[in-house]
Structure formats: structure tokens, C-alpha cells
Amino acid sequence: MQSTANYLWMMSDLLGQGATANVYRGRHKKTGDLYAVKVFNNLSFLRPLDVQMREFEVLKKLNHKNIVKLFAVEEESNTRHKVLVMEYCPCGSLYTVLEEPTNAYGLPEDEFLIVLQDVVAGMNHLREYGIVHRDIKPGNIMRVIGEDGRSVYKLTDFGAARELEDDEQFVSLYGTEEYLHPDMYERAVLRKDHQKKYGATVDLWSIGVTFYHAATGSLPFRPYEGPRRNKEVIESESPDGPVRVEKGLQSLLTPVLANILEADQEKCWGFDQFFAETSDILHRIVVYVFSLQQATLHHIYIHTYNTANLFQELLFRRTNITPSHQDFLYEGRHLVLDPNRQAQTFPKTSRENPIMLLSRDTVNTVGLLFEDPSPPKVQPRYDLDLDASYAKTFAGDVGYLWKTSDSLLLYQELVRKGVRGLIELIRGEYSETAHKKTEVVHVCNYCSQTLERTEQLCEVLMQGNLLSAECDEIRDTRKKVMRLSSSLGSMEQTLQDISSMFLPGASLTDTWTQQVGTHPEDRNVEKIKVLLDAISSIYQQFKKDKAERRLPYNEEQIHKFDKQKLVLHATKARALFTDECAMKYRLFISKRIKPQAYLSPNTLVEMTLGMKKLKEEMEGVVKELAENNLFLER
């Protein structure tokens with residue numbers, strides 16, 4: 001145990017280890033509150049005194065919720081060395097979060113936006129004080145849980161930080177190689193001698209690599225043979241697997257990353273533009289839209305003051321459905337979007353409760369695009385390093401299967417919800433039209449009988465050369481009423497045809513949606529999650545085994561048994577996903593089961609539009625009959 005005047009810590013409570021210092025979990029002697037205590041090692045004292053004091057001075061200036069707070073600078077009781085007492089972050093770092101199996105292909109979109117917001121806010125505070133960090137990476141971005149249960153990310157480790165204005169430069173080398181600006185990488189890692197100086201924008205490169213890592217789960221630039229090997233050859237490629245960030249956010253984020261991951265410091269954005277562009281992203285709201293016929297979910301990022309005109313244009317870019325052919329439902333009712341209606345007045349949406357987009361034209365089904373899992377492969381030989389790597393890969397892959405199975409189920413539930421909504425709309429339109437048709441028949445019969453008697457009277461009067469003009473008008477009106485009566489016959493047939501579709505088991509019931517695909521009560525998502533938890537547990541144990549380098553005989557046997565279980569669990573998860581989730585989803589989307597027994601979303605939309613047209617025709621008949629009534633009343 002070590003201590004200062006007010007704090008103490010156990011040497012076994014190590015939170016992190018760096019080149020010049022170790023960080024321990026400590027407590028206040030009087031309150032028992034937890035803190036992070038940074039204790040410097042002998043190597044740190046080989047640095048010039050001004051460099052040693054720089055971290056203290058930088059932290060004293062900073063006070064922001066997205067920067068780890070410095071509470072005290074005290075001396076260790078025995079050595080009299082300075083120690084930093086800082087805010088304790090019990091949830092680890094962003095790197096810890098990215099190491100979780102469910103984040104192997106990047107953070108969920110809402111969590112990524114929190115990272116974006118918090119890192120940008122923390123960096124903005126640094127620039128306000130003219131400070132450059134010089135070692136930004138996921139491991140130096142700590143995570144805590146806020147009072148509202150959401151993550152809060154905080155910049156930490158200011159050992160390399162110094163004051164530097166936008167127009168100033170430095171020549172010393174700091175940072176972690178995977179996140180280093182290329183010019184610094186050449187000098188620090190490849191030992192290439194050049195006289196380049198570096199500005200504050202080197203932090204932007206590190207931020208870009210960090211954001212890319214958070215969005216995709218992988219680094220944008222990696223040595224050809226893996227990290228820290230063959231460092232001369234750096235490759236850049238698209239992410240290894242599916243990216244979790246949805247296309248709406250991707251389209252906004254890509255220009256930002258492209259302009260801060262610019263090796264030429266002359267072409268790279270400055271901080272002002274970076275802050276402006278990221279602020280533009282963060283001030284948008286997300287409107288969730290499910291294209292029913294295409295079976296695709298879209299996240300539309302839009303400013304609150306933008307109008308429905310722009311919203312529909314953004315939807316067109318994503319779906320290729322022109323604004324003039326877009327109709328909307330929300331919670332089972334028609335949603336009318338006036339062209340000038342602002343987005344802040346749109347109904348509140350979520351992934352589970354989006355606006356339903358309907359196309360007046362027939363469109364192709366797209367569905368959720370996903371990758372089929374490959375069979376798990378593992379070398380049979382006993383190797384602690386390789387086994388830990390296999391376990392990490394398996395955990396990431398099964399984490400992807402779990403998230404994808406959840407999305408596949410959600411998409412099917414949204415289709416079911418949309419189909420039920422359309423059927424209820426058709427039922428409502430049918431009931432209203434049928435009721436109106438009954439009224440029209442009564443009025444039509446009344447008009448026809450009245451006009452028949454009036455025409456007979458008119459013929460008597462005409463024999464006395466009276467009312468000849470009025471009689472002609474009466475004959476014309478009666479012909480019009482007879483024409484309207486005959487048109488009711490075709491409408492009656494249409495209504496009867498629709499009425500038969502509502503019978504049990506007929507096409508205007510949603511029984512097919514219950515018979516096809518997967519359902520929440522199947523609990524396939526939960527079954528895969530159980531397997532994922534088992535694999536993750538083995539992965540955590542294998543990481544500990546790897547750190548030991550060599551295991552006693554009994555633990556070695558347990559390790560081998562766990563390796564067999566690892567393959568078994570991964571194989572079972574793959575089979576469950578492939579045979580249940582993926583196959584049944586594809587059947588659901590492609591409508592291969594008894595296609596004659598139900599109507600597709602495209603057909604249902606056509607029927608909705610048809611009922612709307614029939615209703616309009618009936619209203620036209622009502623209007624004409626009303627005009628005839630006025631004539632009779634004269």
C-alpha cells in the first residue's frame with residue numbers, strides 16, 4: 001500500500017500502465033470516495049523538469065465535463081514524488097468498449113454519436129485554452145455513466161499535452177503509432193530523418209483514426225502484416241465486416257473523416273471547420289422511416305428547421321421513390337406532410353415506431369442486407385496466443401449474428417405492423433364508402449321517382465303548350481340520375497369484391513404475416529445471446545490464460561475443454577442464425593410461401609389507392625345528386 005497525505009491505494013489495484021506512469025484505484029482517507037491516482041515511475045524523472053511539470057499545469061487550467069478532472073497534486077509519503085489525484089472512471093475507456101464482442105464491427109449508432117459529441121466538446125475546450133493533446137486514442141478517452149444512464153466520454157492522459165496555438169508548430173514526437181499523423185509516424189516509427197514541423201492539426205488526424213475505429217471496429221491504416229510488424233508497408237482498405245453506422249450518418253461523417261485524415265497539413269481542415277461540420281451533424285434530429293414495400297429502414301438526419309420538402313428529397317435519395325409518389329402512415333393513420341411543415345413538428349419516431357413510407361408505384365423489395373457467417377475455424381494445436389485470438393474472433397462474429405438476428409426480427413415486425421395498418425385503412429375506407437353508397441342509393445331512388453312523376457306531369461302540361469323548356473331540363477336531369485344509378489352498379493360489385501376479402505382466411509387478413517418468418521416468441525435472438533455470453537466468458541478467460549504465458553497441467557486441460565466448447569457454441573449460434581433467422585427472414589421477404597393466399601405490400605398499397613379513388617368517385621356522385629336535389633326543390 002502507498003499513500004499521500006489524503007489518499008491511499010493498493011499496488012494491486014492497477015487501472016492502467018504507461019511508459020512514464022501507472023494509474024491506481026485509490027480512496028480518500030476520510031470519505032472513502034474512489035479516485036484515480038497517477039504515480040510516476042523513474043523513467044518519467046529523466047525528462048526535463050518543464051516537461052514533467054507540463055501535465056500538472058495543463059490539467060490545472062482545464063475544467064470541463066468531457067475532460068477527466070484533476071482534484072489534487074500531492075506527494076507520495078515515502079518517495080516524496082508528485083502524484084496526480086484524478087476523477088475515477090469505473091467503466092474503463094473507449095478502447096474497453098470497442099473490445100466488447102458486440103462492438104467488433106463498431107459502436108451502435110446512438111453510442112457513436114455520444115462519442116462524437118463528447119470528444120468534440122472536450123477538444124473544443126482544449127483549443128479554447130490553446131492546448132494540443134498529441135496522444136488521442138480510444139485508450140485515452142474514458143467512459144463513465146451519467147445520472148441519466150447514458151455514457152459520458154472524457155479525454156485523459158495529458159502527459160504529452162502542451163500549449164500550442166493554431167499558427168504555432170512543434171518538433172518533438174509523442175503519440176501512439178496507430179493513431180500518429182503520417183509525418184510523425186515516419187520520424188518516430190520508421191526513423192526517417194526530415195525537418196518537418198507539426199501543428200495543432202496533428203490532433204485532428206488522431207481524432208479521425210479514433211472516430212473511424214469507433215464507427216467500424218477497425219483501424220483505417222494498418223501495417224500489412226499486422227500492428228507493429230512490417231511498419232514500412234501501410235495498407236488502407238474498407239472495414240473487414242459490416243459497418244454499424246447507418247448510411248444516413250455515413251453520408252455526413254465521410255466528408256469529415258476524409259478532410260481530417262489528410263496527410264498534407266496544408267490541405268487538412270483546421271479546427272474551426274472541423275468544429276463547424278461536426279456541430280452541424282450533432283444539431284440534427286433523426287427521423288426514422290420504414291419503406292414498407294422495400295422493407296428497408298432509413299435514418300434521415302435533418303435540422304429541426306428543415307421542411308418536409310427537403311425531407312422528401314432526402315428520402316428520394318435513399319429510396320429512389322420520387323416525392324410526388326410518396327405517401328406516409330404513422331401509427332396506422334395517414335400522415336399528411338405539408339411541403340412547408342418543419343421537421344420539429346413531425347411525430348416522434350424510433351426504430352420500433354417509424355413513419356411508414358408507401359410508394360404509389362410498384363417497387364422492388366430490398367430488405368436488410370447482411371452477410372452470412374462463415375463456419376468457425378480453429379487450429380487444433382494448443383497455443384495460448386492463437387486461442388485468445390480465435391476466441392476474440394468468435395465472440396465478435398457471434399456478436400454480429402446476435403445484432404443481425406435482432407434487426408431481422410425488427411424488420412419483419414415492421415412489415416407486419418405496416419400490413420396491419422394498411423388493412424385497417426382499407427377496412428375503414430370500405431366501411432365509410434359502403435355507408436355512403438347506401439345513402440346515395442336512397443337519394444338516387446328518391447330523385448328517380450320524383451323526376452319520373454314530374455316528367456309525367458310535364459307531358460300533360462306540354463299538351464297545353466306550357467313549360468316546354470322546363471320539361472326538357474327535367475328529362476336531361478332524369479337521364480343524368482339514371483346514368484348515376486347505373487354507375488352505382490359497378491361500385492357495388494367492387495365493394496362486394498373487397499368485402500369478401502375481409503372474410504376469415506381471405507387475402508385482406510394478416511394471417512400470412514403470422515405464418516411466415518420468425519416471431520418474438522421464437523426467442524431466437526435470446527438463444528443466440530446465451531451462446532454469445534458463454535463465448536464471451538471463455539474469451540475473457542483465454543485473455544487471462546494468455547497473460548500467464550504458461551498454465552499448470554490442470555488449468556491447461558480446462559483450457560482445452562473450453563476451446564472445444566468455444567467451437568461448439570459458435571457452430572450452434574451459426575446454425576441457429578442460418579437455419580432459423582436468416583432462412584425464414586428470406587422466405588418472409590421473398591413471399592415464397594403460398595403467394596396466392598395473401599396480398600403483398602405493393603398490392604395493398606394499390607388497394608388503398610383504389611379505395612381512395614372509389615371514395616372520391618362516390619363523393620362525386622353525392623355532389624351531382626345534391627345539385628339535382630336543388631333543381632327539384634325549385
Flag for residue 351 being in contact with a strand residue (DSSP E or B) (Cβ under 9 Å, 6 or more places away or on another chain), in contact (Cβ under 8 Å) with a residue 60 or more places away in the chain, among the basic types (Lys, Arg) and not in a loop (DSSP other than H, G, I, E, B): no
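Considering the range 23-32 alone, what residues qualify as being within 37 Å of the chain's Cα centre (by Cα) and farther than 14 Å from residue 4 by Cβ?
Residues of the range 23-32 that are within 37 Å of the chain's Cα centre (by Cα), as a first pass: 23-25.
Across the range 23-32, the qualifying residues are 23, 25.
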Residue 53, sole failed condition from (1) on the phi < 0 side of the Ramachandran plot; (2) modelled with pLDDT of 80 or more: (2)
Helices (runs of 4 or more DSSP H) wholly inside the range 547-634 that include at least 1 residues being at pLDDT below 90 and either under 30 Å from residue 411 (Cα atoms) or over 38 Å from the mean Cα position of the chain (by Cα) (or both): 583-590, 601-633
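Among the candidates 527, 543, which residue alone is within 26 Å of residue 103 (Cα to Cα), at pLDDT 95 or above, surrounded by fewer than 19 Cβ atoms within 10 Å (Cβ to Cβ) and not small (Gly, Ala, Ser)?
Details: 543 fails: at pLDDT 95 or above.
One residue alone meets the criteria, 527.
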Residue match in the range 283-304 (condition: surrounded by fewer than 12 Cβ atoms within 10 Å (Cβ to Cβ), at pLDDT 90 or above and under 27 Å from residue 98 (Cβ atoms)): yes
Residue in the range 511-527 that is more than 25 Å from residue 390 (Cβ to Cβ) and small (Gly, Ala, Ser) present: yes
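Identify, from the list 136, 145, 114, the residue that is without any contact (Cβ under 8 Å) to a residue 40 or more places away in the chain, closer than 30 Å to residue 393 by Cβ and β-branched (Val, Ile, Thr).
Values: 136 fails: without any contact (Cβ under 8 Å) to a residue 40 or more places away in the chain; 145 fails: without any contact (Cβ under 8 Å) to a residue 40 or more places away in the chain.
Residue meeting the stated conditions: 114.
For the condition of a type outside the set (Ser, Thr, Tyr) and part of a helix (DSSP H, G or I), what is the one hit in 344, 294?
Numbers: 294 fails: part of a helix (DSSP H, G or I).
On inspection, the qualifying residue turns out to be 344.
In the range 544-592, how many are among the polar types (S, T, N, Q), in contact (Cβ under 8 Å) with a residue 12 or more places away in the chain and over 24 Å from residue 529 (Cβ atoms)? Steps first, please.
Just the residues of the range 544-592 that are among the polar types (S, T, N, Q), to begin with: 554, 557, 564, 571, 578, 590.
The next check asks that each one be in contact (Cβ under 8 Å) with a residue 12 or more places away in the chain; those that pass are 571, 578, 590.
Right, trim to over 24 Å from residue 529 (Cβ atoms) and you get 590.
Residues flagged as among the polar types (S, T, N, Q), in contact (Cβ under 8 Å) with a residue 12 or more places away in the chain and over 24 Å from residue 529 (Cβ atoms) within the range 544-592 amount to 1.
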Subset tally (residues that are farther than 30 Å from residue 413 by Cβ and not acidic (Asp, Glu)) for the range 515-546: 9
Of residues in the range 260-271 being surrounded by fewer than 17 Cβ atoms within 10 Å (Cβ to Cβ) and without any contact (Cβ under 8 Å) to a residue 60 or more places away in the chain, the one farthest from residue 412 (Cα to Cα): 266
Which listed residue, of 419, 378, 336, is aliphatic (A, V, I, L, M) and closer than 28 Å to residue 561 by Cα: 378
Matching residues in the range 1-15 - criterion: being touching a Lys or Arg at 6+ places or on another chain (Cβ under 9 Å), within 27 Å of residue 96 (Cα to Cα) and not aromatic (Phe, Trp, Tyr): 8, 10, 13, 14, 15
Residue within the range 341-352 that is among the charged types (D, E, K, R), within 27 Å of residue 428 (Cα to Cα), exposed (fewer than 13 other Cβ atoms within 10 Å of the Cβ) and out of contact with any helix residue (DSSP H, G or I) (no Cβ under 6 Å at 6 or more places or on another chain) present: yes
Options 528, 538; residue that is among the β-branched types (Val, Ile, Thr) and over 15 Å from residue 403 (Cβ atoms): 538
Residue list for the range 372-405, filter: exposed (fewer than 12 other Cβ atoms within 10 Å of the Cβ), touching a residue at least 40 places away in the same chain (Cβ under 8 Å) and either aliphatic (A, V, I, L, M) or not in a helix (DSSP H, G or I) (or both): 372, 375
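The values are calculated or read from the model by the stated rules, or taken from the named source; none is laboratory data. All of these numbers come straight from a predicted model, not from anything done at the bench. We place every Cβ from the backbone using ideal geometry, glycine too, and count neighbours over all the protein chains shown.
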